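Some notes on the structure that comes next.
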2 protein chains.
Amino acid sequence: MKRDVLIIGAGGVAQVVAHKCAQNNDVLGDIHIASRTLSKCEAILESVREKGAMKQEGVLAAHQVNAMDTKAVADLIRDTGAQIVINVGSAFVNMYVLDACIETGAAYIDTAIHEDPAKICETPPWYANYEWKKRDLCAEKGVTAILGAGFDPGVVNAFARFAIDQMDEVKSIDIVDINAGSHGKYFATNFDPEINFREFTGTVYYWEDQQWKEKKMFESGRDWELPVVGTQRAYQSGHDEVHSLATNYPQADVRFWMGFGDHYINVFTVLQNLGLLSEQPVKTAEGLEVVPLKVVKAVLPDPASLAPNYTGKTCIGDLVKGVKDGEEIELFVYNVADHKEAYEEVGSQGISYTAGVPPVAAAMLVASGDWDAKTMKNVEELDPKPFFTILDQIGLPTRVKDARGDHPWNA
Amino acid sequence: MKRDVLIIGAGGVAQVVAHKCAQNNDVLGDIHIASRTLSKCEAILESVREKGAMKQEGVLAAHQVNAMDTKAVADLIRDTGAQIVINVGSAFVNMYVLDACIETGAAYIDTAIHEDPAKICETPPWYANYEWKKRDLCAEKGVTAILGAGFDPGVVNAFARFAIDQMDEVKSIDIVDINAGSHGKYFATNFDPEINFREFTGTVYYWEDQQWKEKKMFESGRDWELPVVGTQRAYQSGHDEVHSLATNYPQADVRFWMGFGDHYINVFTVLQNLGLLSEQPVKTAEGLEVVPLKVVKAVLPDPASLAPNYTGKTCIGDLVKGVKDGEEIELFVYNVADHKEAYEEVGSQGISYTAGVPPVAAAMLVASGDWDAKTMKNVEELDPKPFFTILDQIGLPTRVKDARGDHPWNA
């Protein structure tokens, strides 16, 4: 049984994590939040207090830390006594925080792959470039590390595992991520623009015929008929979970599809073609060195600012095809979330909500022992059923569309 | 009689000016060129030598100068003995160079209005904000200053004067600027992107019913049937010459129309709506202060780099309507230039060519005395006929479309 949580990061997802930890502090114990900017942590705690989110009296504390300083993070883990670290900081800090957990024995949970600021879309499988190099060390030291436990990656990995568990053989996994919401701005990204655009400026890696294949962004699109949000166009994109699922299920084709409207694609294409999404610095006529992508980020709306006016729903799910008793079968395992409901509950928009709730469910499973694996795991390597049970309770219910119809996963 | 020319600036237009001065150094005498970056001046002189452009043996020299340092420019005027300064530097340096001319008595010629880097689209008439404040001083000291002597402003002002001289009463002046050329890049501006975009991010001022009116960019567009380039869509834009023509011919409506393709408008609209064309600094997440427009400039192709592959033609002209002997008449006075011919002659694309040839014609008229006004003048205040005569000879022939048909201006 592990208790007491340290949240790393103070962005939109961290806000959701803090609220959800507070709502479940009977299971999770003390709640600490730390980031580079103390005032951002304090603002999140203020919002938790305003909503009266704490289930019971308990510790709720903010700290300043440089998450790229492993020693500082390890000291903070020791000082706070946290046994579970939920890392929802920038994708650039993962390995430093993971090292601090390995050093202190705390369980580590994150929601997205580690990235080197100077590189985009490294060679597949992505996890092998950084995280998986520490797997043996985690096993040796008995440290629990759950990688990619957001929605996608995360819940969608569990969706895949759940469907595959009902098959004799899996043939394909197509993950579809549709945001049918509207924020009312000319253009905005739903999370950090720097990370958002980095996902789409490089090669689209996918797994087919037991090998890595490559496409360009927006090269391959198709319409999907989905529950609640209807027909939506999505494009094959690179995404973390493709890299672990392809490794764990090499016999299956694994693809990821992200929904984009024509307006998003137009803005993206203009910025991309002009070179404004580059992570490589350029020099202005006045001699100032600047990374264009960081300037684009600076002019775009803060994703957190979208929350109050966000309306509509998201639908994220896995279409999994395979064979059962000699018959071809398919399941669509999915969740629908609502932007406005998310804002009313935790003051965040739906994209932050879907990303922030699952790592808290994972932390609760580490606390209960169900997912306290004492080694490094991607989510599809863990039993999905207790995960779905908690997600049902804390705001992200799982449904299934199959030959029987459209029903809750456990009905 | 004035002789010996100092060119300020070393961009694409300066290259054309240097070539054309060299081709006419029997009239103009010594040729000096100066800019912030000596190597850019030297590269231009090298190109002049390569083309064997010098009509006769003579001085051809490069200098380094900070054009925003009036004393340094005045010293250079004295050192070189130049009696004519052609200022084709950035729009931010005009007033410093003009002051140096007033101090030394040299004639001043420029091709675009002075701009304050921190402001866009100031109150009309624009010339009254800076240049015209020095008019009395020029008259008092007998200093010749010819404002806006490029193509537009410049030749189009002479087109208007030429048409108006044939009327009893002028009713409207519509200036139409079409670049029907193709540079083969995804997107590029034909001159300094910073100046180019600044023209279109603010208010579109125009003169109608004897008052200043305002529109937004791309609010008002219409198709124009033009010689050589055919039917072309152009949009009402702000432009320097509207401000002097409206002041000199307040009884006429004065509008400027710039041709834009849908692709240009889309890219411009995306950049504009995102805030990337702003001249006001933003701060990146890392705390770096940077002007978005300067970053856009840094990622776009250097306008000079477009020249070798530029094909197609420009058509720039004035549709002037009025009354003659009680009858309504209209004239379209225009020039057609060819990108490839410009490159073959002077190593520049057509837009630089049309901007760079006219100030050299103006300098030749100052040298001959025809335009040595001993005061400050906009081009429409000077006799257009000797200007057209020289432009016919040095590469930009003027034609007229009227009730008689389509013919050279003097036929």
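The numbers here are math on the coordinates, done by the rules we state, and not lab data. Everything numeric here is computed off the predicted structure, so don't read it as measured data. Positions of Cβ are generated from backbone atoms using ideal geometry, with glycine treated the same way; all protein chains shown enter the neighbour counts.
Only Cα pairs within less than 10 Å get springs; with that Gaussian network setup on chain A, which residue of A:V299, A:V291, A:V88 has the largest fluctuation?
The residue with the greatest mean-square fluctuation here is A:V299.
Among B:N266, B:W371, B:S348, whose Cα projects farthest towards the positive end of the dipole of region B:253-383, with charges put on the beta-carbon of Lys, Arg (+1) and Asp, Glu (-1)?
B:N266
In nm, to one decimal, how far is the modelled label at B:V59 from the one at A:M1, with both set 7 Å along Cα→Cβ?
9.5 nm
Using the beta-carbon distance between B:T231 and B:Q210 and R0 = 45 Å, what value does 1/(1 + (r/R0)^6) give for FRET efficiency, to the nearest 0.05?
My answer for the efficiency is 0.90.
To the nearest 20 debye, what charge dipole does region B:1-133 have about its Cα centre, counting +1 at the Cβ of each Lys and Arg and -1 at the Cβ of each Asp and Glu?
200 debye
So which aspartates and glutamates pass the test for A:K185, namely a Cα distance under 19 Å, with those fewer than 8 places away in the same chain ruled out?
Leaving aside aspartates and glutamates fewer than 8 places away in the same chain, those within reach of A:K185 are A:E194, A:D262, A:D302, A:D338.
For region A:236-320, which GluC sites (Glu not before Pro) are both in a DSSP coil and crowded by at most 15 other Cβ atoms within 10 Å?
Within region A:236-320, the qualifying GluC sites (Glu not before Pro) (loop, at most 15 other Cβ atoms within 10 Å) are A:E286.
Report the relative contact order of region B:9-117, percent, no decimals, based on alpha-carbon pairs under 8 angstrom and at least 6 residues apart.
25 percent
Over 22 Å between Cα atoms: which of A:K324/A:K401; B:K51/B:K340; A:K119/A:K297; A:K340/A:K401; B:K20/B:K374; A:K297/A:K377 fall into that group?
Check vs 22 Å cut-off fails for A:K340/A:K401; B:K20/B:K374; A:K297/A:K377.
Put a label point 7 Å from Cα along the Cβ direction on A:G202, then list its distances to the equivalent points in the other copies in nm, shortest first.
Taking the point 7 Å beyond Cα along Cα→Cβ, the inter-copy spacings are 4.3 nm.
Rg and Dmax of region B:299-403, Cα atoms, in Å?
16.5, 55
Dipole size in debye (nearest 20) for chain B around its Cα centre, Lys and Arg Cβ +1, Asp and Glu Cβ -1?
Result for chain B is approximately 580 debye, rounded to the nearest 20.
Taking the label point as lying 7 angstrom from Cα along the Cα-to-Cβ axis, what are the distances from B:A285 to the corresponding position in the remaining copies, in ascending order and in nanometres?
Computed spacing set for this position: 3.0 nm.
Two-decimal Rg/Rh of region B:1-126 from alpha-carbon positions, Kirkwood Rh?
0.98
Under the definition of Cα pairs under 8 Å and six or more residues apart, what whole-number percent is the relative contact order of region A:62-116?
Once normalised by length, the contact order is 39 percent.
Taking N as the number of residues in region A:223-308, what is its alpha-carbon radius of gyration divided by 2.2 N^0.38 Å?
1.50
Kirkwood hydrodynamic radius of chain A from all distinct Cα pairs, in Å?
21.4 Å
For the protein assembly as shown, what is the Kirkwood hydrodynamic radius in Å, using each pair of distinct C-alpha atoms?
30.4 Å
At 7 angstrom along the Cα-to-beta-carbon line, where would the label on B:P397 sit relative to the other copies? Give the distances in nm, shortest first.
Counterpart label points of B:P397 in the remaining copies fall at 8.1 nm.
Give me P(r) over region B:64-157, computed from all C-alpha to C-alpha distances, binned every 5 Å, as integer percentages.
So the P(r) values, bin by bin, are 3, 14, 24, 26, 20, 9, 3, 0.
Per 0.36 nm of contour for each residue apart, how much would the distance between B:Q280 and B:A139 grow if the chain were fully extended, relative to their Cα-Cα spacing?
47.0 nm
Let's test the formula: R0 of 51 Å, r as the Cβ-Cβ distance of B:Q393 and A:D302. What FRET efficiency results, to the nearest 0.05?
0.25
Report the FRET efficiency, 1/(1 + (r/R0)^6), for A:K374 and A:R78, where r is their Cβ-Cβ distance and R0 is 22 Å, rounded to 0.05.
Efficiency, rounded to the nearest 0.05: 0.65.
Using Cβ counts within 10 Å as a stand-in for footprinting exposure, how do A:S237, A:S278, B:S220 rank, fewest first?
Placing the least packed residue first, the sequence is B:S220, A:S278, A:S237.
Using the Cα centre of chain B as origin and beta-carbon charges of +1 (Lys, Arg) and -1 (Asp, Glu), tell me which of B:V242, B:A307, B:A145 is placed farthest towards the positive end of the dipole.
B:A307
Remind me, relative contact order of chain A in percent, using alpha carbon pairs under 8 angstrom and six or more residues apart?
Relative contact order for chain A comes out at 20 percent.
Using the Kirkwood radius built from alpha carbon pairs, what does the Stokes-Einstein equation give as D for region A:114-164 at 4 °C and 1.567 mPa s, in µm² per second?
D, rounded to a whole number, is 102 µm²/s.
State the extension gain, in nm to one decimal, for the chain segment bounded by A:D402 and A:E50, taking 0.36 nm per residue of separation less the distance between their alpha-carbons.
Between A:D402 and A:E50, full extension yields an extra 122.5 nm.
Hey, can you rank B:131-138, B:402-409, A:159-166 by average C-beta count inside 10 Å, highest first?
The densest-packed peptide leads the list: A:159-166, B:131-138, B:402-409.
Is the shape of region A:179-337 rounded, prolate or oblate, going by the alpha carbon gyration tensor and its root eigenvalues a ≥ b ≥ c, with a/c under 1.5 for rounded and a/b larger than b/c for prolate?
oblate
Would you mind telling me which residue in B:S172, B:S39, B:S348 has the biggest mean-square fluctuation in a Gaussian network model of chain B, where springs connect alpha carbons within a distance under 10 angstrom?
Of B:S172, B:S39, B:S348, the most mobile in the Gaussian network model is B:S39.
Count, for each residue of A:287-296, the Cβ atoms from other chains sitting within 10 Å of its Cβ, then give me the mean as a whole number.
Taking all residues of A:287-296 together, the mean is 6.
Which one, B:V296, B:V379, B:V336, has the greatest fluctuation when you compute a Gaussian network model over chain B with C-alpha springs under 10 angstrom?
Per the Cα network of chain B with a 10 Å cutoff, B:V296 tops the list.
In debye, nearest 20, what is the charge dipole magnitude of region A:57-211 about its Cα centre with +1 on Lys and Arg Cβ and -1 on Asp and Glu Cβ, if you could check?
That gives region A:57-211 a dipole magnitude of about 260 debye.
Positive end of the dipole of chain A, charges at C-beta (+1 Lys, Arg; -1 Asp, Glu), about the Cα centre: which of A:G105, A:W132, A:P281 has its Cα farthest in that direction?
Going by the Cα projections, it comes out as A:P281.
Taking every alpha carbon pair in region A:115-209, what does the distance histogram look like in 10 angstrom bins from 0, in percent?
That works out to 11, 32, 37, 17, 3, 0, in percent per bin.
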